[in-house]
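Heads up, the thing below is written out as structure tokens.
The values are calculated or read from the model by the stated rules, or taken from the named source; none is laboratory data. What you see is a predicted model, and the numbers here were worked out from it, not measured in a lab. Here the Cβ positions follow ideal geometry from the backbone for every residue, glycine too, while neighbour counts run over all protein chains shown.
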Ligand code: GLY
Ligand code: MN
Ligand code: MN
């Protein structure tokens, strides 16, 4: 049966075609008729279903706190530009952490080149928050179907100004008005190096900008409830991702690049349930575990070896877990593997026990190192006594544990990294901080200080710890840690 065709709409050929921004050499130039045709016949899409984002009450408080610290200054916090991967292909966009933290805008709505400005109120204290964005493409210009970097037909729909205001509780302006807005103001502080246009317009002192970034980093040392909830989400996704990885061990053993099989399983979980991985996964089989940042992940996975897996899923709000487990691929630790594993677990437990309010940030590292030095001496490999090795001017045990025992964690995997030492590594722990405890022992295959049967063994156990009023909560304790639980886990899932 012939179907009845809808009558074609008439084209108004008097409408002028538009210019040609954002096209590439291999794009096929449209005809004038095509351009004109594209401006017509689009149904209106009304503002519907936009509700306030859960972060709104929190971001308001964060901005109010920042405002108090910088009276009379204009504060400029860009989301950042797209970053080129090669030629005209970009990396997936990930907004700058300070921008996301102050706006609540995460993966679902982050638009490259957006800029948050806290503008001092005239004649009053405080600031008005202004968010400059590329709002939704207009159908009266050609961007929506010709601009491969920003156009709606290429990268999807952006929110309108009104939608953004409703969702994030902030005044929104068009990005085209930003250059004029930015000119001429005297007291301005900028997060530099994120947005080329902003950097070229705003002239400031580098030292003041650096202090501003330091302040923003330090503001995130203590997490609010929204952030704690996001961290719990990230850790729950990561826990499921670890299960996924263990399940593919048999397939990994069969593949010449078994580490990649495992990496892919985690990536899939992180993308399906979250935004992404929070940092490149480390999937280190056998002696690859001794390479601290082994992210090539192209090695074989062999029965009888251990595999060190350091992976974290990032939520849509950009919060990331950072968790390491070391597992026997065949579900059973050898005597030597077990001995090293037990030392690392003891160091981890000692480290976690030292995490409490009022403790020095350095205390958990010291507690873990005491275990490592003592047990490596018992193994007969430390050429001096553990007491002597633990002196800051000696530290020989660090041959097998060269990294620090942990770091702040949150919207960045190495969170608050611009904070001053006196407020971070030299400060006291406080409730609401989230940090990793991640001791390890790495015995390189060519380490002649260690008996041959231990060479090539690398173990790390990394957990994400919330400092509470009374002590701490190990947020990642649900992922097996004891050797018995780890063996059971592998035997159950890797079949
Ligand atoms: N995955 C990076 C770290 O543990 O710090
Ligand atoms: Mn890690
Ligand atoms: Mn870590």
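In region 202-269, counting only helices (runs of 4 or more DSSP H) that sit wholly within it, the ones holding 1 or more residues that are over 17 Å from residue 328 (Cα atoms) span 206-219, 225-247.
Taken as a whole, the condition of being part of a helix (DSSP H, G or I) and closer than 29 Å to residue 45 by Cβ does not apply to residue 173. Among the residues of region 88-102, those identified as more than 16 Å from residue 169 (Cβ to Cβ) and not in a loop (DSSP other than H, G, I, E, B) are 89, 90, 97, 98.
A single member of 78, 112 is under 25 Å from residue 184 (Cα atoms) and touching a helix residue (DSSP H, G or I) at 6+ places or on another chain (Cβ under 6 Å), and it is 78. Any chance region 212-219 includes a residue that's surrounded by fewer than 18 Cβ atoms within 10 Å (Cβ to Cβ), touching a strand residue (DSSP E or B) at 6+ places or on another chain (Cβ under 6 Å) and in contact (Cβ under 8 Å) with a residue 24 or more places away in the chain? No, that holds for no residue. Would you confirm whether or not region 316-327 contains a residue that is out of contact with any strand residue (DSSP E or B) (no Cβ under 6 Å at 6 or more places or on another chain), more than 16 Å from ligand 2 (Cβ to nearest atom) and under 16 Å from residue 486 (Cα atoms)? Checked against the condition, which is being out of contact with any strand residue (DSSP E or B) (no Cβ under 6 Å at 6 or more places or on another chain), more than 16 Å from ligand 2 (Cβ to nearest atom) and under 16 Å from residue 486 (Cα atoms), region 316-327 yields no hits at all.
Within region 137-149, being surrounded by fewer than 19 Cβ atoms within 10 Å (Cβ to Cβ) and at pLDDT below 90 holds for 138, 139, 140, 141, 148, 149.
Against the conditions (1) away from ligand 3 (no atom under 16 Å from the Cβ); (2) out of contact with any strand residue (DSSP E or B) (no Cβ under 8 Å at 6 or more places or on another chain); (3) within 29 Å of residue 243 (Cα to Cα); (4) not in a helix (DSSP H, G or I), residue 473 satisfies every one except (2).
Return yes when residue 348 is surrounded by 24 or more Cβ atoms within 10 Å (Cβ to Cβ) and within 17 Å of residue 484 (Cα to Cα) and no when it is not.
It is true that residue 348 is surrounded by 24 or more Cβ atoms within 10 Å (Cβ to Cβ) and within 17 Å of residue 484 (Cα to Cα).
Let me confirm something: among 310, 316, 322, which residue is more than 16 Å from ligand 1 (Cβ to nearest atom) and either crowded, with 18+ Cβ neighbours inside 10 Å or in contact (Cβ under 8 Å) with a residue 60 or more places away in the chain (or both)?
Working: 310 fails: more than 16 Å from ligand 1 (Cβ to nearest atom); 322 fails: more than 16 Å from ligand 1 (Cβ to nearest atom).
Result: 316 is the single residue among 310, 316, 322 that is more than 16 Å from ligand 1 (Cβ to nearest atom) and either crowded, with 18+ Cβ neighbours inside 10 Å or in contact (Cβ under 8 Å) with a residue 60 or more places away in the chain (or both).
Residue 335 passes every criterion in (1) more than 20 Å from residue 486 (Cα to Cα); (2) without any contact (Cβ under 8 Å) to a residue 24 or more places away in the chain apart from (1). Between 105, 77, the distinction of being within 19 Å of the chain's Cα centre (by Cα), surrounded by 21 or more Cβ atoms within 10 Å (Cβ to Cβ), in contact (Cβ under 8 Å) with a residue 24 or more places away in the chain and part of a loop (DSSP other than H, G, I, E, B) belongs to 105 only.
Per this entry, residue 131 is counted among residues that are touching a strand residue (DSSP E or B) at 6+ places or on another chain (Cβ under 7 Å), under 21 Å from residue 49 (Cβ atoms) and not in a helix (DSSP H, G or I).
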